[in-house]
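Structure first, commentary second.
Nothing in this text is a laboratory measurement; each read-out follows from the coordinates by a stated rule. Since the structure is predicted, the reported quantities are computational estimates derived from the model, not experimental observations. Note that each Cβ is placed from the backbone with ideal geometry, even for glycine, and that neighbours are counted across all protein chains shown.
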Amino acid sequence: MSKKKFGFSLFLALIIVGLLSTTAFARGTYWESVKANGTGGFTFGLKNTASVDQTFVVKVFPKDTTANTYTTELYTSPEKVVLAGVQDSIDIPASAGIQVGTIYKMVLYTVKDGVASDVGVKFGVLTSTSNPKMASIADDPDGLLDVDGSGLNNANNTVGKASTHPTHGAFQNNTNTCASCHQTHTAAEGNALLFKDGVYSTCSACHDGTTGAYNSFAPATTETVESIQGTFDVHGTNQNGSMHNADGAVQLSAAPGGNPNATADFDCASCHNAHGSGSAEENNLAVDPAGWGEVPYLESTGTRSTVTIYSGHAMKTFNYDNKTSPNGKLFINIPIYNSVAEATAAGTASKAAGNKPYPYVLVKQTAGTGNSFYSRAGITDENTLVIQTYRWSSSKYVADYSLWLRELSYPFTANTVLYSSDAPTYDNVAAGKPEASSLNLASNLKVVYKDGFAYGADVGNIKSANIALGIDVETDGNIEHLWDGTVPDSGIEMTKYCAACHIDYLSESRNDVSGTYTTAHRHANVSRDELTCVRCHYAHGTEASIMHDANDNSIFDLTASGGAFQGNNQGAIDYLKDPNPSSALKRYTGMSVCYACHGGGESFVGSPRNTEADTSTGEHLKGGMPGEARWDVTN
C-alpha cells in the first residue's frame, strides 16, 4: 500500500471514528436514567448538557413475545422542553397501559422543527404486583432483564439460593464475595457496578425471602412481632401501612425534621453498609449514616472563615460564615480541655454570651474507676491518661462514646486524627495528606475508635485534633435492649442514628426548647437509653398486623385462644388499624404508646373514667412500660 493510500485510509478512518464518537457522545449527553415511578409506571430521567434548550419525547413499545420484536407503539409522551444544562424527567404513567411482567422498549427522541431524532433506548419491566416500585431496567434486554423479580444471576450465581460464603464482612484475602453483588464489566447499574439496577433492587434480590437471607419484606409472625424492625411488605388492603421509601424515590432532605441540605437519594445504603459495619448484631447499620461524618461542623470560632478538606477525590472548601452550609460531624481543630470543669466553664461562658456552646469537645483526664468502656478496652490503672469526647448537655459537658471514624486511604473525607502539633494540614492543600503531622499511634497512644477515646502516655502530647464522629449501635439481638440500658450506649446511639436524617428531633431534655433547626419542646431522647426512637417507631415499615395497643397486645395475642378477638382476624385488624395513617412508622396504633407510657401517671390517678375497661378488649390498662413486661393493675 502506498503512503498516499495509507494516509487517505487513515484520514478516512479517523473521520469515521470521530463521527461515531460524536454520535455516541451526543446520545449520552441526554441520558439520565429510567426508574419505576412507584405508581405502576416509569420515570424517564433527562439530562440536557447541551448549550441550547432541547425538546424531548419518549415512545414506549411493548415486547411481542411471539415475534420477539418491539414494533407496536403503546404510548407517546407529551413533548418536554428541558433548558440547557438542566435535569428533568418524563413520566410514563400506568394509565399508558403498563403491565407487570411485560418488557417495554422506551426510546428517547429529541424534537427539532417537527423532526424526531432517536438519542437513546432503555428497556424496563415491572416485576411485582404488590410493590410497584420493584422493576428491572437495562440498556439491552437480552439476558439482562429480571422479568419475574426472581433475581438476575450475578457472577457467583447466588441469587435464588443461600450464599455459601460471607457476603457482608469477614472477607478473606482470597475472597470471591465481591462478585455476589458487583459485576466488573456487565453491571446493570454503572456507578457502583451493581448486578441489578439500583441499590434497592440489588439488596431486594437477596432480602426478599428467596435466598434464606434476612427477609425485609416478611410479614409479622408470633416469633418476630416483638423483635423485628418492621417490614417493607405493607401493602395489605385497608391496613393503614406506612414505610420508609428506601428505593431511591425520595431524597434524605424529605425526612420530617430533616436537613434541607441533604440531597442524596434515600435507599438501603443510606442506613446499611453492605460491606459490614460495627458489631455483629445490628444488621450492618452504617457507621456514618447520611454521610455527616464527612461534613465539617461550621459554627464559626472567629479565627478563620473557611476550611478546606479532601472530599470525594477532590478538595472542597466550606465557608464558616455561610449559614446555608450544613453542619456535620467532622470537627476540625476541636477544642481540647484539661478537665471536665474547665470545659463546662467554657461552655457556660459561651452560653452566657448568647452563643451556642461548642457541641463536642475533647477532655484530657485520668481513667479513674468504674467506667465500663475503659475496662473493656483493657485499662486497669486508674491513673492512665485518657482523652475522651464530651458533648454539651443543657448546662454541662457529659462523656460521649460515639464512634470515631477512621479512613485509612484517600480521600480522607471522614477521618479522626490526633496531632502532636498546632497545625493540622486540612487548610493547607500544599502540605500534603491531612494525616501528615499525626502522632505515631502505634507507640504510646492507643485509640479506641469504637468508643470515642484514646489512652496512653502520649495523651499529654496531643495539641490539636480533627474528630469525625460516627454512630455504632450496639445490640445483642434483643430489640428491647435498645431502650432499657442493658447494653451501654445502645439506645442513645440508636437515637443519634435516626437523627442523622431526622436531625431536628434530637433533644437533650424535655424542657430544652432548642431543636437543631427549629425551637420546640421535644421528648428527651439523648440523655438516657430508655426513651429512644425505636421504642415508639419501626425502622422499616408498619401496618395493623404488627402494631400493638397500649397493653402491648399484638394481633397474635388478640386472636389467640381466650383473646378478645379469638378467631376473628379481621376484627383484630380493625381494632389495630391506625386511625390517623401517616408516614410515622408507628410501633403502636394511633397514639396508644402515649397512653401505655403515661396512663398510670399522675394525670390519670383518681379519675373515675380511668377505671373503665377498654370497650373492644375488656382489658384495663396494665402496669409497666411499653415494650417491657406488663402486669395487671387492680382497679
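The order of HIS523, HIS244, HIS207, going from fewest to most other C-beta atoms within 10 Å of their C-beta, is HIS523, HIS207, HIS244. With a simple spin-label model that places each label point 7 Å from the Cα along the Cα-to-Cβ direction, the separation between THR486 and THR72 comes to 6.1 nm. A simple spin-label model places pseudo-atoms 7 Å from Cα toward Cβ; at THR129 and LYS463 they are separated by 7.2 nm. Using a simple spin-label model with pseudo-atoms 7 Å out from Cα toward Cβ, ASP381 and GLU530 lie 3.9 nm apart.
Taking Lys and Arg as +1 and Asp and Glu as -1, the other residues whose beta-carbon sits under 15 Å from that of ILE98 total +4. Positive-end ranking of ALA353, VAL386, ALA367 along the dipole of segment 319-408, with charges on Cβ about the Cα centre, is headed by ALA353. Ranked by how many other Cβ atoms sit within 10 Å of their own Cβ, fewest first, the residues ASP504, ASP148 fall in the order ASP148, ASP504. Summing Cβ point charges (Lys, Arg +1; Asp, Glu -1) relative to the Cα centre of segment 328-396 gives a dipole of roughly 360 debye. For the pair THR317 and ASP118 in one chain, pulling the backbone fully straight at 0.36 nm per residue adds 67.5 nm over the alpha carbon distance. The Cα-based radius of gyration and maximum Cα-Cα distance (Dmax) for segment 528-611 are 14.0, 41 Å. As a rough footprinting exposure proxy, the listed residues TRP404, TRP631, TRP483 were ranked by other beta carbons within 10 Å of their own, and the order from fewest upward is TRP631, TRP483, TRP404. The aspartates and glutamates whose alpha-carbon is closer than 13 Å to the alpha-carbon of LYS47, local same-chain residues fewer than 8 away aside, are GLU32, ASP88. Stretched out straight at 0.36 nm per residue, the stretch from ASP140 to SER350 would grow longer than its current Cα-Cα span by 69.5 nm. When the listed pairs LYS356/LYS496; LYS59/LYS196; LYS80/LYS586 are checked against a 31 Å cut-off, the alpha-carbon distance exceeds it for LYS80/LYS586.
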